[in-house]
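Single-structure report; data block below.
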Amino acid sequence: MADPSSYRPKPGQIPDSPGVYKFRDEHRRVIYVGKAKSLRQRLASYFQDLSGLHPRTRTMVTTAASVEWTVVSTEVEALQLEYSWIKEFDPRFNVKYRDDKSYPYLAVTMNEEFPRVQVMRGQKKKGVRYFGPYGHAWAIRDTVDLLLRVFPVRTCSAGVFKNAARTGRPCLLGYIGKCSAPCVERVSPEEHRELAEEFCDFMAGRTGTYIRRLEARMTEAAEEMEYERAARLRDDIEALKKAMEKSAVVLADATDADLIALAEDELEAAVQIFHVRGGRVRGQRGWVTDKVEAVTTGDLVEHALQQLYGEETGDSVPKEVLVPALPELVEPVQEWLAERRGSNVSLRIPQRGDKKALMETVQRNALQALGLHKTKRASDLTTRSRALEEIAEALDLDSAPLRIECYDISHLQGDDVVASMVVFEDGLARKSEYRRFQIKGFEGQDDVRSMHEVITRRFRRYLAEKEKTGEWADGETGLTEEDGRPKRFAYPPQLVVVDGGQPQVAAAKRALDELGIDDIAVCGLAKRLEEVWVPGEDDPVVLPRTSEGLYLLQRVRDEAHRFAITYQRAKRARRFRASPLDDVPGLGETRKQALIKHFGSVKKLRSATIDQICEVPGIGRKTAEAITVALAQAAPAAPAVNTATGEIMEDEEYATDATDAESETTAGSAGEPVSAGSSDERRGQER
């Protein structure tokens, strides 16, 4: 625990201007980021009598070992820089709204020649129109299924689209009228894009005009006695109305707004957001956070706004944002939102009418979310704490291992030998800290030697980073040159777990001893009987089958195994995707694709003459001769096997088009090696 007076800036050092400040701990990790209208006044509030500080603030300043700041010209710039630093450094004492899932959006890829309607998650892409988020993917698919009757926009993947264009046959949706089949030129690119734009307009809330237009066309068709067309239009109208019923009108004036509500107690806060577009609730989402700093409701609202709109621009930021409380400095936040939207944004508290009633509904959702989270969290915290305590007791550790690293070796019969390192902190996976290794010291299969190499490489890097931080020598400390982000192997675990028994544990311990590291515990978890092995002991530590500690070690071990075998399979797949054409000097991807497109497969290319190869645009005689030599030297590809039936397929059936030429393999279509055994038998040979 540090004394804040030991790193308090000297009087007069801190400028009296807007800015952003960072507190760092003894390892130079950023643990808190804040902004201030006056840096001098704000930072002075941290360096007072500890008894007068809020308990969370007191914990932060005693954990910190230094403070630094950056001066900016305006409060809006301070808000932007604070958001960027929180996102970059992930400080442990800042409020962070963490969602437990990735919400699905309905996306229309308007950046493609033939726009596609699909469900998307994750980071948003430029040129794609998004609608949502939705609570469940099936809710999107139900709506899309209804709308495709009226707006038959493409929904197929690029591979299906290209295959249909090549064969001249559309997919099933094209036959049943739920796709306009641009792949076989039933509609032009312009007509298909117009359909996609009408789809987007309908999803954006502009529904009344389109339905009235359809009703007029239906009446006109009936008057002209075109009853089949009239019946079709009638069914289209019913489908649209049914889709509209899925999102009831909540604001009669067709408002575009986001409503944010909070439910909080002394320790935690839950936020719920309703996205209202065209007067209808188009999406809902929510987060729960620990209140690791002393914050007001206005501060929580400000953090929620940063989380919601930090990556958004244009119409994704609505004209109106309704909140339960305003941030302390409203004008900078409002100006920041306006910059992201490109026009004015109203940030206010609803006082009366429909908007206040809807805000009460959002508030009830926030209260329910907080209650549900606390019910789950109480059990979860208790279980994790008990698991760590049981591990510490079983391994005779001085304290609970708050950081656990687990290592596993994976290979396929001695080929593509790789290793994984996974990290669990406070009993939870920290995937940003995962690392993977290729075994470089030797060839062949030797799990014990591989484990020794991996542990040595990992902790040699740790010692190098430790030396750079100044823990061994005087001088300026720092985990990186400027930004303070943790380097890849900067922090040691309290416990190293290896996937294996006594030999693997001994190898890991020997590697640590050779590096002079004696303050990190080591154990191994053997799969056969789930026994825990410790160095220097002839008998394993046997934890009860119902032990939470054993369950946590199993989760850590299984995660390391999953991460290792995923890497090993990817590495193996890349090797299998190698083509004999890769060895031809000066032959790039474009000309390789042209060759495959011209001949249809590598097999046919291998049987072609030099003169026939020269007929391909861009291929000269010298290159053709080099291609012939390379294909003659390469072993013929093994026949592809249909894993469902065991049938040996002709090579032509697996020939790829020009865009997929580089993915041709010597295995089946799934990318797995050809084998007489089943897929389960093949996996059994993997480690």
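The values are calculated or read from the model by the stated rules, or taken from the named source; none is laboratory data. Model, not experiment: these values are computed from the prediction. Note: ideal-geometry Cβ built from the backbone for every residue, glycine included; neighbour counts use all protein chains shown. Accessible surface is based on the protein model in full, side chains and every heavy atom, while ligands, DNA and RNA are left aside. Shrake-Rupley method; radii C 1.70, N 1.55, O 1.52, S 1.80 Å.
Based on protein heavy atoms only, segment 297-351 ends up with 42 Å² per residue of surface accessible to a 1.4 Å probe.
Here the dipole of segment 2-95 is about 120 debye; that uses its Cα centre as origin and unit charges on the Cβ of Lys and Arg (positive) and Asp and Glu (negative).
Taking 0.36 nm per residue of separation and subtracting the Cα-Cα distance, what length does fully extending residue 44 through residue 265 add? Walk me through the numbers before you get to the answer.
Numbers: separation 221, 0.36 × 221 = 79.56 nm, distance 2.76 nm.
Using 0.36 nm per residue and subtracting the Cα-Cα distance, I get 76.8 nm.
Per-residue extension of 0.36 nm, minus the Cα-Cα distance of residue 90 and residue 313, leaves a gain of 78.0 nm for this segment.
Beyond 28 Å in Cα-Cα separation lie the following of the pairs 431/466; 431/509; 291/431; 319/374; 440/622: 319/374; 440/622. A Förster radius of 30 Å combined with the Cβ-Cβ distance from residue 383 to residue 530 puts the calculated FRET efficiency at roughly 0.95. Quick check: from the Cα gyration tensor, does segment 308-426 come out rounded (a/c under 1.5), prolate or oblate? Note, shape of segment 308-426 comes out prolate. Each residue, residue 197 and residue 123, gets one label point 7 Å from its Cα in the Cβ direction; the gap between the two is 3.0 nm. With the crude spin-label approximation of a point 7 Å out along Cα→Cβ, what separation in nm comes out for residue 112 versus residue 351? Taking the simple label geometry, residue 112 and residue 351 are separated by 4.9 nm.
What GluC sites (Glu not before Pro) in segment 6-78 are in a loop by DSSP, with at most 14 other Cβ atoms within 10 Å of the Cβ?
Working: sites: 26, 68, 75, 77; in loops: 26.
Here the GluC sites (Glu not before Pro) that fit, given the DSSP loop and packing criteria, are 26.
Roughly how far apart, in whole Å, are the Cα centres of segment 290-334 and segment 141-179? Using only Cα atoms to place each centre, the spacing works out to 41 Å.
Taking 0.36 nm per residue of separation and subtracting the current Cα-Cα distance, fully stretching the chain between residue 403 and residue 294 would add 36.6 nm. Shown here for segment 380-460: chymotrypsin sites (Phe, Trp or Tyr not before Pro) in loop regions (DSSP other than H, G, I, E, B) with at most 13 other Cβ atoms within 10 Å, namely 442.
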